[in-house]
Amino acid sequence: MTFIIPVIEVITSCSLQLKRPSKLFFSSMLLLNYLGKIGPKTPLKAAATFSVGWNTFACSESLEKPLNWLLFNYYLTTCLQSSVNKHRHMFVKQIDMDHVMKAKSIREFDKRFTSVMFGYRTIDDYYTDASPNRRLKSVGIPVLCLNSVDDVFSPSHAIPIETAKQNPNVALVLTSYGGHIGFLEGIWPRQSTYMDRVFKQFVQAMVEHGHELSSM
């Protein structure tokens with residue numbers, strides 16, 4: 001059973017299918033958008049995602065709340081600015097980089113840089129296209145999605161619970177606590193987390209019983 005394929009093959013396939021960049025890392029949002037667009041034709045046999053930002057509009061709104069902006073949004077914006085500023089000579093003909101460097105939030109950065117760089121007419125077009133909730137119904141392989149309802153990066157009201165219920169390929173697991181990719185356990189958490197255990201169980205189940213699912 002082919003459960004794991006080279007990461008570079010997945011990234012290349014995602015890029016070709018979506019024609020959209022991944023911010024900073026090969027994210028769960030990108031993976032779900034890819035799976036939702038390609039359906040059962042993917043070479044992957046199963047996938048797992050953690051702390052997905054299901055609706056980009058809702059994610060931005062949550063991060064723009066005063067405390068969240070102070071703790072997360074502004075810092076992450078400066079990180080994005082630092083990343084592109086190192087290569088600003090590559091963008092100056094297409095983008096007003098001085099305007100980009102004055103952004104005070106991720107939304108402003110996306111409006112001034114990301115959406116422009118990748119050819120979106122407006123930031124709303126970009127955020128709509130980037131939101132995996134709209135493609136979840138089309139996912140054609142078993143996918144485990146672990147989210148926490150206290151994740152400020154992915155507010156609970158934007159988690160597509162009803163859509164997940166309508167797709168037998170999707171297992172949406174919600175915890176009361178866990179934050180963003182936290183899911184720590186115990187008074188002094190050190191080694192494995194709840195996320196680790198769930199992922200291990202999911203992989204084991206797919207290796208042992210994946211053929212049964214594919215034949216259904």
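The values are calculated or read from the model by the stated rules, or taken from the named source; none is laboratory data. Being a predicted model, the structure only gives us computed values, none of them experimental. Don't worry about glycine lacking a Cβ; one is built from the backbone with ideal geometry, like all the others, and counts go over all protein chains shown. In case anyone asks, the SASA skips ligands and DNA or RNA and just uses the protein heavy atoms, side chains included. Shrake-Rupley method; radii C 1.70, N 1.55, O 1.52, S 1.80 Å.
Brief remarks on what is shown
- Which listed residue, of LYS137, LYS200, is touching a helix residue (DSSP H, G or I) at 6+ places or on another chain (Cβ under 7 Å), surrounded by fewer than 16 Cβ atoms within 10 Å (Cβ to Cβ) and outside any loop (DSSP other than H, G, I, E, B): LYS137
- Residue check for HIS209: within 30 Å of THR114 (Cβ to Cβ), in a helix (DSSP H, G or I) and not assigned by the TED database to the domain that holds VAL116: no
- Here TYR127 meets each of (1) surrounded by 15 or more Cβ atoms within 10 Å (Cβ to Cβ); (2) assigned to a loop (DSSP other than H, G, I, E, B) with one exception, condition (2).
- Looking across region 140-154, the residues that are β-branched (Val, Ile, Thr) and open to solvent by less than 30 Å² (accessible area, probe 1.4 Å) come down to ILE141, VAL143.
- Scanning region 166-197 for residues that are in a loop (DSSP other than H, G, I, E, B), under 28 Å from PRO40 (Cα atoms) and not polar (S, T, N, Q) yields a count of 2.
- A Cβ distance below 8 Å, combined with a sequence gap of six or more or placement on separate chains, defines the contacts here; from region 63-92, residues that are free of Cβ contacts under 8 Å to residues at least 60 places away in the same chain reach residues that are of a type in the set (Phe, Trp, Tyr) and open to solvent by less than 90 Å² (accessible area, probe 1.4 Å) in the pairs THR77/PHE109; LEU80/PHE109; LEU80/PHE113; GLN81/PHE109; VAL84/PHE91; VAL84/PHE113; PHE91/PHE113.
- Residues considered: ILE181, ILE161. Of these, the only one that is on the phi > 0 side of the Ramachandran plot, open to solvent by 40 Å² or more (accessible area, probe 1.4 Å) and in the same structural domain as GLY39 (by the TED database) is ILE181.
Condition check ((1) open to solvent by 40 Å² or more (accessible area, probe 1.4 Å); (2) at pLDDT below 90; (3) assigned to a helix (DSSP H, G or I)) across all residues:
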{"site": "ILE5", "(1), (2), (3)": "no, yes, no"}
{"site": "ILE8", "(1), (2), (3)": "yes, yes, yes"}
{"site": "THR12", "(1), (2), (3)": "yes, yes, yes"}
{"site": "ALA58", "(1), (2), (3)": "no, no, yes"}
{"site": "GLN94", "(1), (2), (3)": "yes, no, no"}
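- Conditions (1) touching a residue at least 12 places away in the same chain (Cβ under 8 Å); (2) not assigned by the TED database to the domain that holds GLU64; number of the one not met by GLU108: (2)
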